[in-house]
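Take a look at the structure set out below.
The values are calculated or read from the model by the stated rules, or taken from the named source; none is laboratory data. These figures come from a predicted structure and were not determined experimentally. Methodologically, a virtual Cβ is constructed for each residue, glycine included, from the backbone with ideal geometry; neighbour enumeration extends over all protein chains shown.
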Amino acid sequence: MGQGLATAYQVGLLTLIREYQIIKRKGEIFGQIAIEKGYATDADIKKARAIQSKAFREARKKKLVGDILVEKKIITEDQKRLVLRQQTLVEQKFNPAPSQSRKNNADRADDLGLSAYEKKFLRVKALDEDFSAALIEKGIAGQGDIDKARQAQEKAFAQDSTIKVLGDIMVDWNMISRQQMQIIFKAQGRLAESQDADGFRLDISPDQMAAWIHLMPDKGDLSLSDVKTALKAAGVVEGIYPDALIQCGLEPDTRITKFPVAKKDYARRVRDAKGLVSHLEQGLTETREKNKGDLLAEETADNPTGQVTDLLGQLSDKVSTSEFTIRCGTGVRKSMNGRKIIAAKTGQPALSVERLLYVHPAIHVLEDADQRYGPLEPYANLSVSGTITGAYPVTGGHVKAREIRGARIEAIGNVSTNVGITDAVIRAQGDIKARYLHNCRLELFGNLYVENEIFDSHIVCSGKIDSPTCRVVSSRLFAKQGVILAGTGSEKTLPCLVASGSEHHLFAQIRRLTDEIESVQQAFNRLIENRENKHQDVKRTFEKMIELKIFHDRAKQAKQNLSMDLKNKGQQYKLDKKKNILHLLDKFENRMKKAVATLKDLNHTKKKQEKFAVKLTEEITRLTPKIEKQIMGLEQTLYAYLEWARSQPGNSRIEIRGKAFHGTVFRGVWATTTLESDLENFIIRETGTPPQQCQMTME
């Protein structure tokens, strides 16, 4: 099709014929066994094969010989199952070994100059042909389900360069059970090709600039070496994320279904090639603000980036330079030519971790920010003289208040209070400062400074927890760049967990973003699935119309034959026989009328189904650019977080300047230790060669 040598219809017809030939070959073996067992005669098998061939010619229906014999009541369902069981044994005996078949396919692929990845895909496809035929012969799945799964398999390879086994797709879609798949795989000698073999799958993006790992939900014994081995086997040699980051993704408490393990990021090179100039620190007013209409950043050149290397170390020119190298957040806009970013309001400029440019206007609230005050302006630098409560979610730049209670805050900058924070959920890209934290959930890119106490809280940060006068009680703390505390735990509360050097904060962001991507993709996939289901409805309705038309034509032919017989030999027939013939003629006429009426109804239904399918196609066409842009934006944010994390060194050092109670758990990236007794004034850090030789040692 790509070379213009065949149309989609021609390729589809060839595919249909190929699938029919597989079923026909299986039917021949089925017939031979049925004759040998005495279940059917040679004439029965020939008649069944003739019906099979006719059904394909007239209605493109792929009927199985065994099903036809059961329909004609020549054999029973039990006899069919016995024949199928014997047929499986015969095919295992006379078919070439899977390893030999794969070798022959590889030899033919060498002649075509295919890559190793393409060869692997062709091997999987070849084995899946026999897998499909086995499903049909065993009656486990129908051709429609197999076609649907095969389309998903080919789409995954074409769009995402992902090799998916047909059986895994059908299990994921609940078309077959995993046990049924494994039974057939065992007969094929290919259990190792299933996702179950390694417990994960490695996917490489079409441009070979990113690699993702997909984890099986029921596998808990994966290690970093497993992932590194898979990367090496796939030829990934560049852009691999640090070991500590990948290890964190495999930990039970941070484990998610999928996350990136390698990425080649050329944002800096693209910025240099496009001559990006920042004006964020120039021309600020006394209040450190930019005025509306001020220039914030611009591209001064349009030089090509030239060739770059991808994950496999191969030269590539697939780096996109069409987008502005810094994305627009809130309070800014692009110029008409798309080469400048301009302030859309007066406020303080800020560049976020995900490379979004903002302008935050200053908002001063001289009372409590609560239900009476109403919602606050989003993405502003907030200064609240009173208390921020949980009346409304708060989204801002820098957020400062006397106290925070029960609030949900997302800040691009810092969050600070004069008193403390209670019952709050806060995500911040800057630092958080407070006198105390009670029952809080905090996620921050910056540092945490707490003066007195952290109680019953869960904190993950990519900076450091620098709180030398703060005691921690019944809490879980994770910091990437070190922890300093006055003490941990107490005699009457649950033990604390203090971890340093890990990427728990980053994986909290990855989980949120991948969930958003999955949600957007699933909604779009449901729309596509509805369209495919509607196309299947049209196909089934059309097949019914064909069958009904065949029935009508047969009734018409039978009526004509009876009429001719009555006309030519009517004088020879007795009165009773003439009456019977006339009754049959009336019966055929009524059947023909009913068939015509039903055909009209089916045609009306088919048109409605086709019309609805067209509407769904139009809706999909309209939404596709929007969905792709939304997913691309989320992925850009995700990769920006990862690149930021790659540039930030981790530090497993934990310093306790007071007393740590027994039961406190200290964790690094690779090792964990639990205090058996109370200790005072010590430093604990991770030492040794990762991962096996690492341990937590005290000073």
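May I ask you to verify whether residue 438 is surrounded by fewer than 24 Cβ atoms within 10 Å (Cβ to Cβ), closer than 23 Å to residue 664 by Cα and not assigned by TED's automatic domain parsing to the domain that holds residue 683? In short, yes. Of all the listed residues (595, 645, 613), the sole one being small (Gly, Ala, Ser) and closer than 30 Å to residue 685 by Cα is 645. Considering (1) closer than 30 Å to residue 304 by Cβ; (2) surrounded by fewer than 19 Cβ atoms within 10 Å (Cβ to Cβ); (3) at pLDDT 85 or above, the lone condition that residue 207 does not fulfil carries the number (3). Across region 352-398, the qualifying residues are those that are out of contact with any His (no Cβ under 9 Å at 6 or more places or on another chain) and on the phi > 0 side of the Ramachandran plot, and the one among them that is surrounded by the fewest Cβ atoms within 10 Å (Cβ to Cβ) is 374. Counting only strands (runs of 3 or more DSSP E) that sit wholly inside region 627-699, those with at least 3 residues that are aliphatic (A, V, I, L, M) and modelled with pLDDT of 90 or more are 654-660, 679-687. Those residues that are within 24 Å of residue 582 (Cα to Cα), hydrophobic (A, V, I, L, M, F, W, C) and touching a residue at least 12 places away in the same chain (Cβ under 8 Å), I need them from region 540-566; list them, please. Within region 540-566, 548, 550, 551, 555, 558, 562, 566 qualify.
If you check 319, 277, 332 for being surrounded by fewer than 16 Cβ atoms within 10 Å (Cβ to Cβ) and either farther than 30 Å from residue 234 by Cα or modelled with pLDDT under 80 (or both), only one passes: 277.
Would you confirm, using the coordinates I've provided, whether residue 312 is over 26 Å from residue 388 (Cβ atoms) and either among the β-branched types (Val, Ile, Thr) or surrounded by 17 or more Cβ atoms within 10 Å (Cβ to Cβ) (or both)? In short, yes. Of the residues in region 600-612, at least one is within 30 Å of residue 517 (Cα to Cα), assigned to a helix (DSSP H, G or I) and either at pLDDT 85 or above or among the polar types (S, T, N, Q) (or both). Per the listing 645, 671, the residue uniquely in contact with a Gly (Cβ under 9 Å, 6 or more places away or on another chain) and not acidic (Asp, Glu) is 671. Per the listing 660, 645, the residue uniquely crowded, with 19+ Cβ neighbours inside 10 Å, of a type in the set (Gly, Ala, Ser) and outside the structural domain of residue 465 (by TED's automatic domain parsing) is 645. For the residues 420, 489, the requirement of being over 33 Å from the mean Cα position of the chain (by Cα) and on the phi > 0 side of the Ramachandran plot singles out 489.
Each residue in region 257-298 was checked for being without any contact (Cβ under 8 Å) to a residue 60 or more places away in the chain and assigned to a loop (DSSP other than H, G, I, E, B), and 15 pass.
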